[in-house]
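The values are calculated or read from the model by the stated rules, or taken from the named source; none is laboratory data. These numbers come from a predicted model, not from an experiment. Here the Cβ positions follow ideal geometry from the backbone for every residue, glycine too, while neighbour counts run over all protein chains shown.
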2 protein chains.
Amino acid sequence: MDVRPGGYYDSIVLMQLQAALADLPGVLDAGAAMATAENRALLEANGLLPDEVGDAGPSDLLIVVKAETEKAAAEAIARVDALLVRGGDSGGEDYRPRSLESALKTLPGARWALVSVPGRFAARVAGEALDHGLNVFLYSDNVSVADEVALKTRAVKEGLLVMGPDCGTASIGGFGFGFANRVRRGPVGLVGASGTGLQAITSHVHALGGGVSHAIGTGGRDLDAQVGALTCRQGLDLLARDDGTEVIVLVSKPPVPEVARSVLRAAWGTGKPVVVHFVGFAPPARRLGPLYFATSLPEAAWMAVELTKSGKKEKARSAGTAERRSAPGYLRGLFAGGTLASESLLALANFLDPLHSNIKSDAARPLETVARSEAHTILDLGADEYTVGRLHPMIDSDMRLRRMAQEAADPGVGLILLDVVLGDGAHPDPAGELAPAIVEARRSREVEFVVVVVGTDEDPQGLESQVEALTGAGATVFEDLTSALGHVVDRLRGSVAPLEPAVDAELLAVPVVAVNVGLESFAASLKDQGAEAVHVEWRPPAGGDDRLLAILDKLRR
Amino acid sequence: MDVRPGGYYDSIVLMQLQAALADLPGVLDAGAAMATAENRALLEANGLLPDEVGDAGPSDLLIVVKAETEKAAAEAIARVDALLVRGGDSGGEDYRPRSLESALKTLPGARWALVSVPGRFAARVAGEALDHGLNVFLYSDNVSVADEVALKTRAVKEGLLVMGPDCGTASIGGFGFGFANRVRRGPVGLVGASGTGLQAITSHVHALGGGVSHAIGTGGRDLDAQVGALTCRQGLDLLARDDGTEVIVLVSKPPVPEVARSVLRAAWGTGKPVVVHFVGFAPPARRLGPLYFATSLPEAAWMAVELTKSGKKEKARSAGTAERRSAPGYLRGLFAGGTLASESLLALANFLDPLHSNIKSDAARPLETVARSEAHTILDLGADEYTVGRLHPMIDSDMRLRRMAQEAADPGVGLILLDVVLGDGAHPDPAGELAPAIVEARRSREVEFVVVVVGTDEDPQGLESQVEALTGAGATVFEDLTSALGHVVDRLRGSVAPLEPAVDAELLAVPVVAVNVGLESFAASLKDQGAEAVHVEWRPPAGGDDRLLAILDKLRR
């Protein structure tokens, strides 16, 4: 065993060192890893953690050899230095710049920096790339959230993209960054906080005969509350302005509600159909307006390809968004049906805030009293608290009619959403009671009524005549809840201003020219694909020594 | 204003009283409601709560009149007694039994009791119905969970169904109970903890040209942890044995995880395709084995109708379930792709327990150490803790190969799930390293390897040859994650024994014969539909006085 304190070791060098040690005569197994708690546990599980390891820490390199004899082990350890040197040798055919700055002299047209150095050095290198006006593909993981926020906040101000940290893949104009599958070019553009998610979807799109315009990775934490989806929103905006992109796919872990709302509003505002797949998120519907919600990676791909085929381009809608009125006021949903109320609540919570309800749900805030609505409110009027000694609102409209008048008189209210459930057992003519009340309410104030009617042509009330009566009263009527909710969201969602200054759309239009810092294979892969790329023979400043680095940082400020 | 302490008032009588009072000369508005906190707030919002109300409580009736003059108000209040008598008058053409017992003498073939008396009397009446061997449709709300659990536990023991409390709808052999839409008969059977959910789906099925066999309501709380889906599981079992049902739709609020697992396993065990719509639930996929996950009410209907058209009857699978082996052991998922790991975790959490992971998620328990798996475990080997100073597992297989050997040697392990992500930047031949390791692992123990390969035919590694190498090593290989997960669940989910004794399947096959206690309109509606029904002229024992009722209950015990 050998412990090398402090310093920088390239992960490829470590991989090669470990393999070379294991190949030596008499050696049974070998391990070479930074001595983090996790790596120590992993070595131990492989029987590769001797007792004498002591208190080696995360920036110390642990080299362990298990051999047939003590002699073989000692001989192997004695060769570590030689192997480290050999591993570090990079063949050296070309001239290799040793800094970003010198690399840019050989490649002045570069717009991209690919950064895959070890995590603790990564923010520094990415910052340097921004200094040079480069957009950054930041593959490195083990970068702090604080560093991510600082990098992205700065990048947004300068109209630059920082994809990452921990961004495994991207594809810009057909050139794959990091890990990327080779796929046909075509009209599907992607933004994703998920590397293998993007890879799986682009692969499936290809298998289905579709093609990809661009895939913009954001790093796995971009939609976390702290980062606030900065890269994601830049990406959506870029794809919205990209003529080669007809359909957008957005994939991520489920964001916290406030981030989800801003991202979904931004997606809606692109004017293009957007397939949303938040892994482990409860979709509000299959489709709400231009948003299509997928439940798995293959399905997201399938939906995107189908949308490009069907030519549902929503472009007409896009034109309309420019002259969008401001939201018309608060929503008040007055439901007789509990499930219709719940489904509405869950869907609308993705767009409206604050949203209140008498339904106990994480998606809504409680009301102070069931007798008065607040801001946006969805009420289940069939809930226990409304029906003590009172008939269900499907039979007796009295309470709902009173509530409609109350809500319509509230000057903050712009839209009232109702359900009408027909069938045996229900009121013989609900529209006959609701329609005059709607007319009456609209006489004094401009309030929109949206009604979803649930029923069949065989129901005793007659579906068609009920719909006609409500439409005649000036209500907007739908025969399924999802369509009604799509309409409500379109009226009320409000718009999200794109981040300023916008990232130059040309970034997606011109061939990729990139500087690569870190894993050499990423530069090789770009060149294989026909892009211009220069690899930087990078070494950390101060030999990677943490204390010296801290001093250097202080001097820079 | 008038306050009538204690006692029982039928909600129809109250509705009629209020309407009659409001129609009297000089009266502007009127309210008649039990004085719960909520009703007081609602009256107040309508300007109908005078100060002198005092401390009237939930079992007191509040009658309020707002009139042009004090005289008109006094005259109106003076007529309350007369109006209450008139309201209570039921026309009286027929002989009307005054108890369940006497009703059953006129209708000895009755199998059903429809109960819609006010909540505080409902459990008592439902219990009486069970005494007589009747299945219960319990429309009443405001029934305690404890009463629900007691009723259902007893019903299950006696092979009877209790649909409800707060069950708004059901349809048995085409006869609608409570609120029900008139729909074509056909092969779609439904079980739902959601009244309007069932109504919306059956209406949409009809609109799409499909038809309904039966719709079994369970009451909104059936899938809560305390009730444990007792009625839902009985319903699934009934529909599984019903020849007229080809596709089952299951709709509910999202259940707590342990209930979701038991219900989804029971659904899988029906041997029929089941469309699942848990409102506000994150579907694990569009389809897992015979389970199809919908994201909205209209979509659930559409999926069910499509399934009946496509004739995907899964019946072959059904035969197989009888001779099902026990689950082969624990699952260990070793992923290079983070999103693939997360999506697997979320899907499998619906079926496997306990499930551990290094991914922070509500769906999984944490591991004590990342170096050792526990029970079912899903690992994201590309996570930060595994990659300090180490290449990503998509490039360097060393750690995964070691882990595969470690897991395969664990005698509790039956199935190992892997992903292989191809493309530029990734390992040039991952299958070349994994395949021999799979062969080696399977040499000593019977372990199944399931591999999902993500890639395209243009990827440098070659999709086809990678798949072949893995298949050749004895792995079960899929090209999309959803199919792989379906396979894994099918192998590992275990089975759920149906509740015993089973509810007699004949219940769905014979025409409905029912006794109705509560809302008279429900009996009328059943008769309209051609069913045999008798309405009971019910009055609560002890005049509905709470104290006397408590004494009566004590005497009964």
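Tabulated results
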item	result
Members of the stretch B:391-434 found to be within 8 Å of chain A (Cβ to nearest Cβ), without any contact (Cβ under 8 Å) to a residue 60 or more places away in the chain and farther than 20 Å from A:A524 by Cβ, listed by number	B:D398, B:M399, B:R402, B:Q406
Residue check, A:R86 surrounded by fewer than 20 Cβ atoms within 10 Å (Cβ to Cβ), on the phi < 0 side of the Ramachandran plot and modelled with pLDDT under 95	yes
Filter result (farther than 16 Å from A:D410 by Cβ, surrounded by 17 or more Cβ atoms within 10 Å (Cβ to Cβ) and not hydroxyl-bearing (S, T, Y)) within the stretch A:438-459	A:V450, A:V451, A:V452, A:V453, A:V454, A:G455, A:D459
Qualifying residue in the stretch B:118-140 (condition: more than 23 Å from A:D424 (Cβ to Cβ), in contact with a helix residue (DSSP H, G or I) (Cβ under 8 Å, 6 or more places away or on another chain) and surrounded by fewer than 14 Cβ atoms within 10 Å (Cβ to Cβ))	yes
Selection status of A:L28, part of a strand (DSSP E or B), at the interface with chain B (Cβ under 10 Å from one of its Cβ atoms) and in contact (Cβ under 8 Å) with a residue 24 or more places away in the chain	no
When residues of the stretch A:448-466 are limited to those that are part of a helix (DSSP H, G or I) and farther than 12 Å from A:L434 by Cβ, the one farthest from the other protein chains (Cβ to nearest Cβ)	A:S465
Those residues of the stretch A:208-227 which are part of a loop (DSSP other than H, G, I, E, B), touching a strand residue (DSSP E or B) at 6+ places or on another chain (Cβ under 6 Å) and either within 11 Å of chain B (Cβ to nearest Cβ) or surrounded by fewer than 23 Cβ atoms within 10 Å (Cβ to Cβ) (or both), in sequence order	A:G211
In the stretch B:1-25, the residues that are more than 7 Å from chain A (Cβ to nearest Cβ), aliphatic (A, V, I, L, M) and either under 22 Å from B:L549 (Cα atoms) or not in a loop (DSSP other than H, G, I, E, B) (or both)	B:V3, B:V13, B:L17, B:A19, B:A20, B:L21, B:A22
Options B:V263, B:V275, B:V205; residue that is in a helix (DSSP H, G or I), surrounded by 24 or more Cβ atoms within 10 Å (Cβ to Cβ), of a type outside the set (D, E) and within 14 Å of chain A (Cβ to nearest Cβ)	B:V205
Residues (among the aliphatic types (A, V, I, L, M), in contact (Cβ under 8 Å) with a residue 12 or more places away in the chain and surrounded by fewer than 22 Cβ atoms within 10 Å (Cβ to Cβ)) located in the stretch B:485-497	B:L492, B:V496
Qualifying positions in the stretch A:483-512 - part of a loop (DSSP other than H, G, I, E, B) and farther than 30 Å from A:A170 by Cα	A:R493, A:G494
Residue match in the stretch A:228-239 (condition: under 30 Å from B:S252 (Cβ atoms) and crowded, with 24+ Cβ neighbours inside 10 Å)	no
Tally, over the stretch B:240-260, of residues that are in contact (Cβ under 8 Å) with a residue 60 or more places away in the chain, surrounded by fewer than 24 Cβ atoms within 10 Å (Cβ to Cβ) and under 11 Å from the mean Cα position of the chain (by Cα)	2
Set A:L499, A:L492: member being modelled with pLDDT under 95 and in contact with a Phe, Trp or Tyr (Cβ under 8 Å, 6 or more places away or on another chain)	A:L492
Members of the stretch B:278-295 that are without any contact (Cβ under 8 Å) to a residue 40 or more places away in the chain and either of a type in the set (K, R) or more than 9 Å from every other protein chain (Cβ to nearest Cβ) (or both)	B:P290, B:L291, B:Y292
Selection count, the stretch B:328-382, where residues are surrounded by fewer than 21 Cβ atoms within 10 Å (Cβ to Cβ), within 23 Å of B:A405 (Cβ to Cβ) and small (G, A, S)	3
Residue in the stretch B:174-195 that is within 13 Å of chain A (Cβ to nearest Cβ), in a helix (DSSP H, G or I) and in contact (Cβ under 8 Å) with a residue 12 or more places away in the chain present	yes
Residue list for the stretch A:10-25, filter: among the small types (G, A, S), touching a residue at least 12 places away in the same chain (Cβ under 8 Å) and over 20 Å from B:A383 (Cβ atoms)	A:A20
Check on A:A240, at pLDDT 95 or above and not basic (K, R)	yes
Hits in the stretch A:524-539 (condition: under 22 Å from A:D131 (Cα atoms), at pLDDT below 95 and either within 13 Å of chain B (Cβ to nearest Cβ) or over 32 Å from the mean Cα position of the chain (by Cα) (or both))	A:E537, A:R539
Enumeration of residues in the stretch A:228-260 that are within 28 Å of A:G174 (Cα to Cα), away from chain B (no Cβ under 14 Å) and β-branched (V, I, T)	A:T231, A:T245, A:V247, A:I248
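Yes or no, residue by residue, for (1) of a type in the set (G, A, S); (2) surrounded by fewer than 16 Cβ atoms within 10 Å (Cβ to Cβ); (3) in contact (Cβ under 8 Å) with a residue 12 or more places away in the chain; (4) touching a strand residue (DSSP E or B) at 6+ places or on another chain (Cβ under 6 Å):
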{"residue": "A:D2", "(1), (2), (3), (4)": "no, yes, yes, yes"}
{"residue": "A:P5", "(1), (2), (3), (4)": "no, yes, yes, no"}
{"residue": "A:Y8", "(1), (2), (3), (4)": "no, no, yes, no"}
{"residue": "A:A33", "(1), (2), (3), (4)": "yes, no, yes, yes"}
{"residue": "A:E38", "(1), (2), (3), (4)": "no, no, no, no"}
{"residue": "A:L42", "(1), (2), (3), (4)": "no, no, no, no"}
{"residue": "A:V53", "(1), (2), (3), (4)": "no, no, yes, no"}
{"residue": "A:S59", "(1), (2), (3), (4)": "yes, no, yes, no"}
{"residue": "A:I63", "(1), (2), (3), (4)": "no, no, yes, yes"}
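The rows are residues; the columns are (1) more than 29 Å from A:F177 (Cα to Cα); (2) within 12 Å of chain B (Cβ to nearest Cβ); (3) out of contact with any Leu (no Cβ under 6 Å at 6 or more places or on another chain).
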{"position": "A:A37", "(1), (2), (3)": "yes, yes, yes"}
{"position": "A:N46", "(1), (2), (3)": "yes, yes, yes"}
{"position": "A:I77", "(1), (2), (3)": "yes, no, yes"}
{"position": "A:P97", "(1), (2), (3)": "no, no, yes"}
{"position": "A:L104", "(1), (2), (3)": "no, no, yes"}
{"position": "A:S116", "(1), (2), (3)": "no, yes, no"}
